[in-house]
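The values are calculated or read from the model by the stated rules, or taken from the named source; none is laboratory data. Keep in mind it's a predicted model, so treat the numbers as computed, not measured. Positions of Cβ are generated from backbone atoms using ideal geometry, with glycine treated the same way; all protein chains shown enter the neighbour counts.
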Amino acid sequence: MSTLPVVPEWEPVLAANLRTPVDLANKSDRLEIERLAAKYGLQPIRWPATWPPDTTTAMLAATYAKRIGRGVAFSLAAFRQAFAGGRDLGDEDTVLIAGAACEMHPTALRKGIDLAGTEAALAEANQRALAAGVSQLPAIQVGSRVFMGTDVITPASAALVNKPPQAALATRPPQAALVNKPPPNTP
């Protein structure tokens, strides 16, 4: 499986707020994602019965998780629940299970989801993604270039190898984003 040559910083983004979200209800889009999963040696996708879900709560949870240092762990756990377990990301129980998998207490997660600051942070992340030109997920931004679509890792990796990362915004299907920022200069 291809990976990025840098460790990105994950940035949750609500795909429904982008200009042209991928239509995962469309059977051909699902088949493309299943083909890519097989290409990368991943287990077969188990689609949730309710698709596409309303992922607002899941993205608020991912935003809160990022703020407490568990953004990647939460996002990966949520994706496992959705695409390995076939669970609905629009269901609060699925979100709480994903949180528990990365040691987030359900009460704390519920409170974090409800914080005005969490909602504002998600809205700001969406605005940054739109300003960068992200119109569909997954997406990876390398400098001023944005790579979008289901198979973005290879071209984004090539761009990162050829140009040191300045700021990379990347997303994983279907609803989360990554941002890579270079470490601050140290003396």
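Assorted remarks:
- Gly86 vs. criteria in contact with a Phe, Trp or Tyr (Cβ under 7 Å, 6 or more places away or on another chain) and either under 24 Å from Pro52 (Cβ atoms) or modelled with pLDDT under 95 (or both): yes
- Taking the numbered list (1) more than 22 Å from Ala108 (Cα to Cα); (2) at pLDDT 90 or above; (3) not in a helix (DSSP H, G or I) in turn, Leu24 passes all entries but (2).
- Residue in the range 128-136 that is of a type outside the set (Phe, Trp, Tyr), out of contact with any Asp or Glu (no Cβ under 9 Å at 6 or more places or on another chain) and at pLDDT below 85 present: yes
- Cβ separations smaller than 9 Å between residues 6+ apart or across chains give the following pairs from the range 65-87 residues that are more than 17 Å from Val7 (Cα to Cα) to residues that are polar (S, T, N, Q) and not in a loop (DSSP other than H, G, I, E, B): Ala65/Ser75; Arg67/Thr118; Ala78/Thr94; Gln81/Thr94; Ala82/Thr94; Gly85/Thr94; Arg87/Gln81; Arg87/Thr94.
- Of the residues making up the range 70-107, those that are β-branched (Val, Ile, Thr) and more than 12 Å from Ala58 (Cβ to Cβ) are Val72, Thr107.
- Hits in the range 47-88 (condition: closer than 24 Å to Leu109 by Cβ, surrounded by fewer than 16 Cβ atoms within 10 Å (Cβ to Cβ) and not acidic (Asp, Glu)): Ala49, Thr50, Trp51, Arg67, Ile68, Gly69, Arg80, Ala84, Gly85, Gly86
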